[in-house]
6 protein chains.
Amino acid sequence: MYSLNVRDHFMIAHSFTGEVFGPAQRLHGATYVVDATFRREELDSDGLVVDIGLASQQLSAILAALNYQNLDDHPDFDDQNTTTEFLAHQIYLRLADAIARGKLGSSAKGLTALCVTLNESHVAWASYEGTL
Amino acid sequence: MYSLNVRDHFMIAHSFTGEVFGPAQRLHGATYVVDATFRREELDSDGLVVDIGLASQQLSAILAALNYQNLDDHPDFDDQNTTTEFLAHQIYLRLADAIARGKLGSSAKGLTALCVTLNESHVAWASYEGTL
Amino acid sequence: MYSLNVRDHFMIAHSFTGEVFGPAQRLHGATYVVDATFRREELDSDGLVVDIGLASQQLSAILAALNYQNLDDHPDFDDQNTTTEFLAHQIYLRLADAIARGKLGSSAKGLTALCVTLNESHVAWASYEGTL
Amino acid sequence: MYSLNVRDHFMIAHSFTGEVFGPAQRLHGATYVVDATFRREELDSDGLVVDIGLASQQLSAILAALNYQNLDDHPDFDDQNTTTEFLAHQIYLRLADAIARGKLGSSAKGLTALCVTLNESHVAWASYEGTL
Amino acid sequence: MYSLNVRDHFMIAHSFTGEVFGPAQRLHGATYVVDATFRREELDSDGLVVDIGLASQQLSAILAALNYQNLDDHPDFDDQNTTTEFLAHQIYLRLADAIARGKLGSSAKGLTALCVTLNESHVAWASYEGTL
Amino acid sequence: MYSLNVRDHFMIAHSFTGEVFGPAQRLHGATYVVDATFRREELDSDGLVVDIGLASQQLSAILAALNYQNLDDHPDFDDQNTTTEFLAHQIYLRLADAIARGKLGSSAKGLTALCVTLNESHVAWASYEGTL
């Protein structure tokens with residue numbers, strides 16, 4: 001299995017609902033350093049997992065739609081705790097959709113799995129991995 | 001598959017038995033920077049893999065029982081080479097036990113796998129991953 | 001010159017005023033991974049720059065007063081852009097005050113300089129360094 | 001599953017053929033920081049995944065044969081785009097061969113999988129993982 | 001003293017002349033992860049060391065002129081060993097010139113020092129720091 | 001001012017004397033990831049701060065004399081708390097001595113300062129910097 005990873009980041013505000021969140025129920029924020037890891041069994045005819053330029057560009061575009069936002073006011077996340085693990089899944093869904101629509105190039109149809117990791121500090125991160 | 005990781009560290013002395021260990025047969029020591037990665041298929045009702053506060057607290061408690069010790073004198077490790085990979089498994093067993101006893105909260109029963117990684121330097125690490 | 005560094009982090013929301021900030025004028029947030037670096041010419045009688053336990057504890061207490069807050073509503077920062085570099089200075093002032101009040105132990109009076117660095121992503125950080 | 005990782009690096013020049021590579025069609029180069037991750041189900045009789053000394057030595061020998069080279073002129077890579085993901089596979093093959101020939105010790109025959117990761121910058125890496 | 005750092009990278013081929021370079025006399029290459037650290041005594045009226053957007057943009061433009069090049073053929077570096085420390089100085093000169101020409105904004109005239117660090121692997125880096 | 005850094009590591013056991021050390025009074029240990037940073041005003045005639053091969057080799061030799069030791073039994077450290085900051089100074093002294101004796105090459109006589117940093121975990125490090 002081959003994997004290729006690109007990294008970018010975004011910075012948001014949000015709050016959480018539920019006693020389990022303790023002080024994180026207050027409005028606060030986070031920097032998320034995002035790793036998008038693309039996987040496939042065989043390389044394409046250029047010797048690539050995916051066009052790294054297109055992959056970086058699409059990841060950046062997806063993060064730009066979330067960057068510098070208060071996620072509590074974001075229409076996509078009504079009544080939703082935007083935890084790190086939830087956001088990892090959301091970004092996975094958006095990247096998977098971009099792949100399906102051909103935005104990472106035609107050979108990206110050979111991708112079989114995608115993992116999105118959100119690093120939120122030097123001691124914590126969360127990820128979602130799914131097939132494509 | 002969702003994953004969530006918390007990081008902590010401990011510092012111990014130990015020695016190894018067996019020619020394969022070369023100079024590491026002498027009494028020496030290590031800092032282990034520990035990553036505990038919790039996995040599950042679906043998030044719980046709060047949108048979480050696990051309560052990160054409880055996870056950090058339990059990992060810290062488990063490491064406190066090993067921290068600032070000479071593992072050669074530790075009753076749990078008689079006649080045992082406490083290699084990095086062995087210790088990763090030991091900490092896995094203790095965290096798995098804490099999960100089973102409910103110490104990471106009731107929703108932690110939805111966890112399906114756990115990986116414990118011990119980073120021993122900028123060039124070496126070992127891990128143990130198992131189901132729960 | 002000897003230096004000793006301890007690391008911790010905090011997570012906040014804020015917004016900025018001024019065209020120079022572009023999209024960061026919107027309410028957003030950040031994780032700040034904080035390095036506090038203590039400096040002195042000679043070690044104390046225990047062979048230390050500073051009691052690392054007290055240093056970590058005081059840094060943690062100072063960050064706890066900012067953690068999980070919307071800094072736009074914080075009484076200390078009225079009409080103030082809480083940029084990364086500004087916050088580095090604020091934390092410097094609070095740690096310097098803690099040192100002066102003896103909270104890092106009596107030998108901490110031998111400290112001559114302090115640098116506070118706030119890492120805000122994998123590509124950006126800011127710091128303030130001053131004498132004590 | 002147990003894993004053990006060792007890290008080393010090499011520095012090469014190369015160019016790529018194909019429009020997808022854009023400016024990387026020009027002769028340029030890269031530092032690759034290499035992680036070799038060895039996996040097995042049970043530890044050997046010394047409590048090890050693999051003899052870390054032999055593993056580091058063999059990885060270093062394999063990288064030495066590529067280090068400080070222009071890969072465009074390397075006889076092993078005629079008419080081949082030496083992308084990061086391709087090189088990860090090549091180093092996997094060479095390490096797998098060294099294991100099969102007993103160069104990592106006899107107990108290394110218990111290894112079941114190997115992952116080779118090439119970190120090419122602070123924002124990109126690629127890997128190949130296969131069974132042994 | 002305040003500092004603010006932005007990070008980017010570039011990838012080049014080059015060779016060195018002189019026995020001291022050993023195997024690095026051959027054509028090879030490197031990834032350089034570049035940290036540009038801007039310093040000043042007081043923050044500007046926006047509470048900034050420098051406009052981080054302009055700083056990142058100018059660093060990126062300077063690195064783009066070197067990226068994906070064989071430095072042995074670069075007209076600026078005739079008969080010059082393009083060592084890591086030499087390149088750190090070159091990038092310092094180019095950034096200092098951009099500051100002087102107002103490309104980082106008018107308040108950047110308050111900057112007093114600049115440090116450029118080139119990280120070439122997980123075990124080596126070089127930097128040049130000078131006043132402005 | 002130019003700087004060049006090389007990194008290596010060593011692993012030791014030790015204990016501390018004095019109530020300030022709390023549980024670290026017990027025999028324990030540490031991995032120290034060591035950064036040796038060499039500084040000078042002008043590059044030598046090869047465009048170098050120092051011969052990186054010789055610098056790495058001498059650092060490695062100095063660390064080898066400490067590696068896999070119980071520092072409580074080391075003749076050089078009788079009745080001495082081998083704190084991280086103390087060890088940073090010790091390694092500084094040994095590297096400075098190697099430079100003075102010509103072991104880093106004749107051009108190393110142009111070095112003007114040396115900083116030795118010991119990273120002991122993901123949250124703590126200490127260093128000693130002095131002139132040469």
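Compared with its chain on its own, the stretch A:7-39 contains the following residues whose accessible area drops by 40 Å² or more in the full protein assembly (probe 1.4 Å; ligands, DNA and RNA excluded): A:7, A:9, A:11, A:20, A:26, A:27, A:28, A:29, A:31. Computed over protein heavy atoms with a 1.4 angstrom probe, the accessible surface ordering of B:8, B:72, largest first, is B:72, B:8. Once the partner protein chains are put back, the stretch E:53-72 shows a loss of at least 30 square angstrom of accessible area, versus the chain by itself, at E:68 (probe 1.4 Å, ligands and nucleic acids excluded). Evaluating kT/(6 pi eta Rh) at 25 °C and 0.890 mPa s, with the Kirkwood radius of the protein assembly as shown over Cα pairs in the Stokes-Einstein relation, gives 89 µm² s⁻¹. Computed per residue of chain A from DSSP H runs no shorter than four, each worth -39500 (n - 2.57), the mean residue ellipticity at 222 nm is -7500 deg cm²/dmol. Among C:41, C:120, C:19, the largest mean-square fluctuation in a Gaussian network model of chain C (Cα springs under 10 Å) belongs to C:19.
Computed on protein heavy atoms with a 1.4 Å probe, what is the summed buried accessible area for the chain pair A and C, in Å² to the nearest 100? In total, chains A and C hide about 1900 Å² from solvent. Where the centroid of each part is defined by its Cα atoms, how far is the stretch F:28-53 from the stretch C:56-132 in Å? Using only Cα atoms to place each centre, the spacing works out to 31 Å.
Contact residues in the stretch C:84-119 (at least 30 Å² less accessible area with all protein chains than alone, 1.4 Å probe): C:85.
Here the 3J(HN,Hα) profile of the stretch A:118-129, calculated from phi with Karplus coefficients 6.51, -1.76 and 1.60 at θ = phi - 60°, is 10, 8, 9, 6, 6, 10, 8, 8, 9, 8, 10, 10 Hz, Gly and Pro shown as x.
With an a/c value of 1.5 or above and a/b larger than b/c for the gyration tensor axes a ≥ b ≥ c computed over the alpha-carbon atoms, chain E is described as prolate. On the rotation that sends chain C to chain A, the chain C Cβ lying closest to the axis gives residue and distance in whole Å as C:29, 1. The figure for residue B:101 is an accessible area of roughly 140 square angstrom, using a 1.4 Å probe on the protein chains alone.
Anyone know which of C:80, C:69, C:57 comes out most mobile in the 10 Å Cα GNM of chain C? For chain C, modelled as a Gaussian network with Cα springs under 10 Å, the answer is C:80.
Taking the label point 7 Å along Cα→Cβ, residue F:110 and its counterparts in the other copies are spaced 3.7, 3.8, 5.0, 5.4, 6.4 nm apart, in ascending order.
Per residue, the average separation of C-alpha pairs within less than 8 Å and at least 6 apart gives the stretch F:1-50 a relative contact order of 47 percent.
Pull out a ≥ b ≥ c, the square roots of the eigenvalues of the alpha-carbon gyration tensor of the stretch B:54-132, then state rounded if a/c is under 1.5, prolate if not and a/b is larger than b/c, and oblate in the remaining case.
Numbers: a/c = 1.95, a/b = 1.53, b/c = 1.27.
Verdict is prolate for the stretch B:54-132.
Using a Förster distance of 51 angstrom, determine the FRET efficiency expected from the C-beta separation of residue C:26 and residue F:61, and round it to 0.05. Given R0 = 51 Å and the Cβ-Cβ separation, E is 0.40.
A label point on residue C:25, set 7 Å along the Cα-to-Cβ line, lies at 3.5, 4.3, 6.0, 6.0, 7.2 nm from each of its counterparts in the other copies, closest listed first.
Taking all protein chains into account, the per residue accessible area for chain D stands at 38 Å² (1.4 Å probe). Short-range pairs are left out: with C-alpha atoms under 8 Å and at least six residues apart, the relative contact order of chain C is 30 percent. Structure remark: mean-square fluctuation, Gaussian network model of chain D, C-alpha springs under 10 Å; the largest value among D:59, D:43, D:27 belongs to D:27. Proximity of backbone amide H atoms, modeled 1.01 Å from N, is registered between residue B:113 and B:39, B:132 at under 5 Å, excluding neighbours fewer than 5 places apart on the same chain.
Amide H to amide H, with H built 1.01 Å from N, residue F:104 comes under 5 Å of no residue 5 or more places away or on another chain. Under 5 Å between amide hydrogens, built in the peptide plane, is the criterion, and for residue E:9 it picks out E:34 among residues at least 5 positions away or on other chains.
Taking the C-alpha atoms only, the angle from helix F:84-100 to the longest principal axis of chain F is near 30 degrees.
These residues, A:127, D:106, go from largest to smallest accessible area, 1.4 Å probe, as D:106, A:127. Taken one residue at a time, the phi angles of the stretch D:17-31 give Karplus couplings (6.51, -1.76, 1.60, θ = phi - 60°) of 10, x, 4, 4, 7, x, x, 6, 6, 6, 5, 9, x, 7, 8 Hz. Gly and Pro are set to x. Relative to the longest principal axis of the Cα atoms of chain C, helix C:52-64 runs at roughly 20 degrees. The same position residue E:74 in the other copies lies at 2.3, 3.9, 4.1, 4.1, 5.0 nm from this copy, comparing label points 7 Å beyond Cα toward the beta-carbon, shortest first. In the stretch B:31-99, the portion of solvent-accessible area held by carbon and sulfur atoms comes to 42 percent [1.4 Å probe, whole percent, DNA, RNA and ligands not counted].
Could you please put A:11, F:1 in sequence from largest to smallest accessible area, using a 1.4 Å probe?
F:1, A:11
The values are calculated or read from the model by the stated rules, or taken from the named source; none is laboratory data. Everything numeric in this text was worked out from a predicted model, so none of it was measured. We place every Cβ from the backbone using ideal geometry, glycine too, and count neighbours over all the protein chains shown. For accessibility, only protein heavy atoms count, side chains too; no ligands or nucleic acids. Shrake-Rupley method; radii C 1.70, N 1.55, O 1.52, S 1.80 Å.
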